[in-house]
Amino acid sequence: MKLWGGRFEEGPSELFERFSESLHFDKRLLDVDCRGSAAFARALGRVGVLTAEECASLVEAFEQIRADARRPGFFDGAHDEDVHTLVIRKLKERVGALADKIHTGRSRNEQVSLDLRLWLREEIDSISQLLVHVMSALAGMARGYPHAFVPGYTHTRRAQAILWSHYLLAYFEMFSRDHERLAQARRRVNVMPLGSGALAGSGFPFDREAIARELGFEGITRNSMDVSADRDFALDFLYAASVSMLHLSRLAEDWILYSSEEFGWLELGDAVTSGSSLMPQKKNPDSLELIRGKSGRVFGDFSSLFVTMKGLPMTYNRDMQEDKEPLFDAASQWSASLEMMAAVIESTRLHAGAPARAAEESWVVATDLAEALARAGTPFHRAHHLVGQLVLESVKAGKKPLDWTPEQLTAFAPEFTPEMARLLLPSEGMKTREVPGGTGPAAVARALEEAEARLRLWKQ
């Protein structure tokens with residue numbers, strides 16, 4: 001069944017139909033297509049195109065189709081061009097010729113835009129909660145290890161000591177920005193396009209604001225041509241997905257390393273790891289590796305639609321049918337990755353002694369010593385040089401920071417005082433970093449409380 005055809009003497013070829021068919025992927029829009037069409041039927045009733053009885057019949061039929069679609073086998077044997085023609089076919093089976101009225105004053109262009117917006121709005125709401133779950137898991141782990149400290153890294157080299165909870169809250173902030181970015185995308189999704197027609201606006205006096213309220217939209221689109229051409233809202237979502245997957249991939253990479261024998265910081269749960277078919281001793285971080293791998297897939301989804309849209313003239317072009325598969329795929333991969341990451345975090349234990357030893361055996365305290373010298377009046381360039389010499393001497397002699405006694409430290413250079421020897425303990429140097437956003441224990445405790453307050457707000 002086609003929604004067009006009067007202009008043509010012959011039908012499309014079987015090759016063309018196979019090439020252009022989209023039901024195998026856009027069938028997931030069936031529920032929102034029925035809901036949007038029911039709202040449009042009511043709008044047709046308000047402008048006198050449908051009688052009250054006709055409107056009621058159509059709305060009831062759409063509800064029946066929605067219910068039927070939830071049963072197994074609904075799509076078996078369907079050869080419709082797309083989900084919209086399938087719905088019309090099912091509608092005609094229930095109400096006969098009345099089904100032909102449903103497209104009065106409505107274009108496929110605005111219908112697709114509406115369906116995508118309704119579907120994407122619900123996906124955004126679901127993914128927002130998954131982000132909150134990941135952030136809750138990070139905050140819970142931070143709460144569970146309030147005193148643990150680890151080496152922080154730059155250039156993959158040990159740099160300065162930080163609290164483990166400070167490290168976890170760094171990722172909390174990344175995912176918090178993802179949550180905010182997704183909320184911004186939702187606002188651009190959440191405008192109602194019906195009434196725009198194919199590109200010039202509808203010839204019927206629809207109350208667009210009433211339709212928007214009925215479907216839960218915050219407002220209506222402003223320009224009918226823009227509606228037909230616009231997939232910015234889908235790109236906004238795909239960009240948000242890509243950045244968030246980037247964050248997930250970085251966390252996955254960290255924990256793949258930190259759970260390795262070389263680090264020995266983390267013990268991943270059995271439920272999120274796998275073994276080897278050959279090597280009995282292996283406990284592989286497959287869940288994290290898959291998250292890391294899926295990030296590239298989502299980046300590709302964004303690139304796919306971005307490149308598809310770049311050269312399209314105003315307004316709608318059939319190229320835009322290619323928006324759905326990357327959009328659907330990105331939503332599925334992002335959701336699954338967030339769900340998996342939350343499970344990983346909740347099942348992972350920190351072996352606090354291992355990173356503490358790594359910090360104590362390295363010179364992550366060097367900056368603490370240099371800043372102590374500066375606070376005591378030594379120009380920082382001189383302080384930096386002195387501590388650098390101390391590190392060099394230690395490396396040559398095979399000495400660790402805690403091998404230095406207060407007396408040896410002051411003997412090395414008169415600028416050092418005996419009290420500065422306490423800063424050779426990483427846990428002491430961190431106490432000087434109590435600026436907001438720093439790794440000082442009090443600053444991190446405040447940051448964790450603030451993070452938990454945000455979580456409570458998002459969970460409401």
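The values are calculated or read from the model by the stated rules, or taken from the named source; none is laboratory data. Everything quoted here is computed from the prediction, not taken from an experiment. A quick note on method: Cβ atoms are made from the backbone with ideal geometry, for glycine too, and the neighbour counts reach across all protein chains shown. Areas reflect the complete protein model, heavy atoms only, side chains present, ligands, DNA and RNA absent. Shrake-Rupley method; radii C 1.70, N 1.55, O 1.52, S 1.80 Å.
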State the number of residues belonging to the stretch 178-205 that are in contact (Cβ under 8 Å) with a residue 60 or more places away in the chain, open to solvent by 10 Å² or more (accessible area, probe 1.4 Å) and in a helix (DSSP H, G or I).
3
Any residue in the stretch 321-333 that is assigned to a helix (DSSP H, G or I) sitting within a Cβ distance under 7 Å of a residue that is among the β-branched types (Val, Ile, Thr)? List the pairs, counting only those 6 or more apart or interchain.
Glu322/Thr308; Ala330/Val298; Gln333/Val298
Count of the stretch 337-356 residues which are polar (S, T, N, Q) and more than 19 Å from Glu289 (Cβ to Cβ):
0
Residues within the stretch 259-282 that are open to solvent by 20 Å² or more (accessible area, probe 1.4 Å) and within 22 Å of Arg357 (Cβ to Cβ), tallied:
7
Could you check the stretch 43-69 and list, in sequence order, the residues that are basic (Lys, Arg) and farther than 14 Å from Asp33 by Cα?
Arg46
Taking only the stretch 137-176 into account, find how many residues are assigned to a helix (DSSP H, G or I), of a type outside the set (A, V, I, L, M) and open to solvent by 30 Å² or more (accessible area, probe 1.4 Å).
5
Could you check, for the stretch 104-112, whether at least one of its residues is free of Cβ contacts under 8 Å to residues at least 12 places away in the same chain and more than 24 Å from Glu325 (Cα to Cα)?
no
Which condition number in (1) over 28 Å from Asn190 (Cα atoms); (2) open to solvent by 30 Å² or more (accessible area, probe 1.4 Å); (3) at pLDDT 95 or above is the one that Gly96 fails?
(2)
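Please go through the stretch 231-258 and give me each residue that is over 30 Å from Pro355 (Cβ atoms) and open to solvent by less than 20 Å² (accessible area, probe 1.4 Å), ordered by number.
Correct list: Arg231, Phe233, Ala234, Phe237, Leu238, Ala240, Ala241, Ser242.
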Please give the number of the condition Ser304 fails out of (1) farther than 30 Å from Arg157 by Cα; (2) at pLDDT 95 or above; (3) outside any helix (DSSP H, G or I).
(3)
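If you scan the stretch 283-295, which residues turn out to be open to solvent by 40 Å² or more (accessible area, probe 1.4 Å) and either in a helix (DSSP H, G or I) or closer than 17 Å to Leu235 by Cα (or both)? I'd like the intermediate steps shown before the answer.
So in the stretch 283-295, the residues open to solvent by 40 Å² or more (accessible area, probe 1.4 Å) come out as 283, 286, 289-290, 292-294.
Residues satisfying the conditions are Asp286, Glu289, Leu290, Arg292, Gly293, Lys294.
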Hey, Tyr316 hits all of (1) surrounded by 15 or more Cβ atoms within 10 Å (Cβ to Cβ); (2) assigned to a helix (DSSP H, G or I) but one; which does it fall short on?
(2)
Just to be sure I understand the filter: pairs with C-beta atoms under 8 Å, separated by 6 or more residues or on different chains, first member in the stretch 57-81 and at negative phi, second member acidic (Asp, Glu) and exposed (fewer than 11 other Cβ atoms within 10 Å of the Cβ). Which pairs pass?
none
When every residue in the stretch 325-360 that is under 21 Å from Leu138 (Cβ atoms) and of a type in the set (D, E, K, R) is compared, the one nearest to the chain's Cα centre (by Cα) is Glu339
Checked Ala397, Ala451, Ala447 against criteria (modelled with pLDDT of 95 or more, more than 40 Å from the chain's Cα centre (by Cα) and over 23 Å from Phe263 (Cβ atoms)); the one match is Ala397
Can you find, within the stretch 95-112, the residue that is nearest to Asn317 (Cα to Cα) among those that are in contact with a Phe, Trp or Tyr (Cβ under 9 Å, 6 or more places away or on another chain) and in a helix (DSSP H, G or I)?
Asn109
Residue by residue through the stretch 49-84, note down the ones that are crowded, with 19+ Cβ neighbours inside 10 Å and within 15 Å of Asp26 (Cα to Cα).
Asp80, Asp82, Val83, His84
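Those residues that are open to solvent by 30 Å² or more (accessible area, probe 1.4 Å) and touching a residue at least 24 places away in the same chain (Cβ under 8 Å), I need them from the stretch 206-215; list them, please.
So the first thing to find is which residues in the stretch 206-215 are open to solvent by 30 Å² or more (accessible area, probe 1.4 Å), and the list is 207-209, 213-214.
If the condition is that a residue be open to solvent by 30 Å² or more (accessible area, probe 1.4 Å) and touching a residue at least 24 places away in the same chain (Cβ under 8 Å), then Asp207, Glu214 are the ones that fit.
In this structure, is Asp226 over 20 Å from Ala39 (Cβ atoms), in contact with a Lys or Arg (Cβ under 6 Å, 6 or more places away or on another chain), of a type outside the set (Lys, Arg) and assigned to a helix (DSSP H, G or I)?
No.
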